[in-house]
Structures are given as structure tokens and as C-alpha cells.
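Taking it in order: structure first as C-alpha cells, then the write-up.
The values are calculated or read from the model by the stated rules, or taken from the named source; none is laboratory data. Predicted model only: the values in this text are computed from it and were never measured. Every residue, glycine as well, gets a Cβ built from its backbone with ideal geometry; the counts of neighbours run over all protein chains shown. The accessibility values were calculated without ligands, DNA or RNA, using every heavy atom of the protein model including side chains. Shrake-Rupley method; radii C 1.70, N 1.55, O 1.52, S 1.80 Å.
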Amino acid sequence: MKKRTIKYGIISIIGIYLIFQFLPVGDYCSGLGNFLSSLFIIGLLILIVFILAIRNLIRIKKKKEKFDFIPLIITLFFGVMWYFLVDMTDKKFWTEESLVSFVEMEGTPNSGTLVLFKNGSFGASYHRADYSCTYQGNYVIVDNRLTLKRTDLSELTHKIFTTEYLINRKDSILKPTKDGFKEIGISKMNE
């Protein structure tokens, strides 16, 4: 019984680590390295289950025991969860987007995406050619003035985003209140 608990625990810990790489909670970065890391973990998980299945088949032949499907079920569960979460790396599936905007820094591989969610949180993503990092916080809109409540946002995003914008609904732009920042085009806005 203790061996089974350890066996299931190891598979579950590896699966949980795999899933937490792709949950959009807190600040996170993703890119090619993240994806390759997850493929390595999936390979490790499949190898462990394959070895356990072979050991199980040998025991069936020698001792006439029943096949233990639990490692396969646990692995399948985490594999399906991973499959669905890979497409949702920049999305909070538990809330809806209320505003999506995009800015591109000309002459550099840098760009940014700002997403406001209906639950009062935001995600500011700093994109490079091979990876992107998302920094999250809360926001407030008062009289078409958007305030992002994250004081270190401009340093973290390499001066792509600032903390205060004026929302120009007519032209679909976010106009920064501080100099040195570009206007951000709004691609989606839900009232």
C-alpha cells in the first residue's frame, strides 16, 4: 500500500508541476524554453508510466494480479489538463476580458499587450522575439482615466507601459499621461 501511495504521489507531483507552468496566476514568463521544459516533463511522465506498466505486466504474469490502471488514469488526466492550458497561457479562463490593447515598439523586437479583465485585474505582457513575460495587478477606471496599480510596471516592461492612461473611446487608443510612452491601440473593448 505504501509503494502505491509513493508511486501515485510521484506521478501526481510531476503532473501538478506540469500544469502550474501554464496557469496564468501571478507574474509569469513563457516561451520556447518553457514549452521545451514541459515536453521534457511529459516525456519523463510517460517513461515512468511505461516502466510501471511493464512492471505491472510482469507481476500479472508471475502472480496473477490485476492490472493497475491508476497511473495511466492520473497521467491521462494531467495530459488532458496540459493540452487545454497550453492554449490559454495569456488568458484567465475564470473571468472575461473587458479591454485588449496592443503596442509595438518600432525598430525593436519589443511589443506589449495590455488586457483588462472584468474582475478588476490586468495583465501587461512584454513580448520579445522568443519569449514574453506577463505582469499582473489591479486597475481602476475613473472618468476615462485608467490607473494600473503596479508601481514597478514601467521598469518590468522596459518602458512599454506606464501606470496611467486616458481612454479615448472615439479613436480607440490609450493615451499615456506621462511623456516618453507610446499610445496603445485598443483592439477590443467591452462596455
Requested in this report: Only Lys, Arg, Asp and Glu count, each charged at its Cβ (+1, +1, -1, -1), so figure out the dipole size of region 64-191 about its Cα centre, rounded to 20 debye.
Outcome: 220
Query raised in the report: Which whole-number percent gives the relative contact order of region 127-191, counting Cα pairs below 8 Å spaced six or more residues apart?
Result: 19
Query - region 1-134 shape via C-alpha gyration tensor axes, a/c threshold 1.5 - result: prolate
Report task. Grab the other residues whose beta carbon is less than 11 angstrom from that of ARG59, score K and R as +1, D and E as -1, and report the net. Result -> +4
Report task. Starting at the first residue of region 10-20, write each ³J(HN,Hα) from the Karplus equation 6.51 cos²θ - 1.76 cosθ + 1.60 with θ = phi - 60°, in whole Hz, x for Gly and Pro. Result -> 5, 4, 5, 5, 5, x, 5, 4, 4, 6, 5
Query - FRET efficiency estimate (nearest 0.05) - Cβ-Cβ, THR108 to VAL142, R0 35 angstrom - result: 0.60
**Report entry** Counted charge near VAL142, where neighbours are those whose Cβ lies closer than 13 Å (Asp, Glu -1; Lys, Arg +1)
**Finding:** 0
Report summary line: Of the residues MET105, ILE6, SER125, the Cα lying farthest along the dipole of the chain towards its positive end, which is defined by charges on the beta carbon of Lys, Arg, Asp and Glu, belongs to ILE6
Query - Amide H within-cut-off set for ASN138, under 5 Å, with H built and near neighbours excluded - result: PHE122, LYS149
Query raised in the report: In square angstrom, what is the accessible area per residue of the chain with a 1.4 angstrom probe?
Result: 62
Query - Under 23 Å from the Cα of LYS63 - lysines, other chains or at least 8 residues apart - result: LYS2, LYS3, LYS7
Query raised in the report: Which whole-Hz couplings ³J(HN,Hα) result when phi for each residue of region 73-83 is put into the Karplus expression 6.51 cos²θ - 1.76 cosθ + 1.60, θ = phi - 60°, listed in order with x for Gly and Pro?
Result: 5, 4, 5, 4, 4, 5, x, 5, 4, 4, 4
Report summary line: Over the chain, the sum of -39500 (n - 2.57) across DSSP H runs of at least four, divided by residue number and rounded to 500 deg cm²/dmol, gives at 222 nm -13000 deg cm²/dmol
Report summary line: Whole-percent carbon and sulfur contribution to the accessible surface of the chain (1.4 Å, no ligands, DNA or RNA) stands at 63
Report task. Would you mind getting the Kirkwood hydrodynamic radius of region 85-191 from its Cα pairs, rounded to one decimal in Å? Result -> 14.0
Report task. Would you mind calculating the relative contact order of the chain from Cα pairs under 8 angstrom and at least 6 residues apart, reporting the percent as a whole number? Result -> 18
Query raised in the report: How much length is gained on full extension from ASP152 to MET189, taking 0.36 nm per residue of separation minus their Cα-Cα distance?
Result: 10.8 nm
Requested in this report: Give a quick list of trypsin sites (Lys or Arg not before Pro) in region 44-85 that DSSP marks as loop, anything other than H, G, I, E or B, with at most 11 other Cβ atoms within 10 Å.
Outcome: LYS64, LYS66
Query raised in the report: Among 114-121, 166-173, 127-134, how do they line up from the highest to the lowest mean number of other beta-carbon atoms within 10 Å?
Result: 114-121, 127-134, 166-173
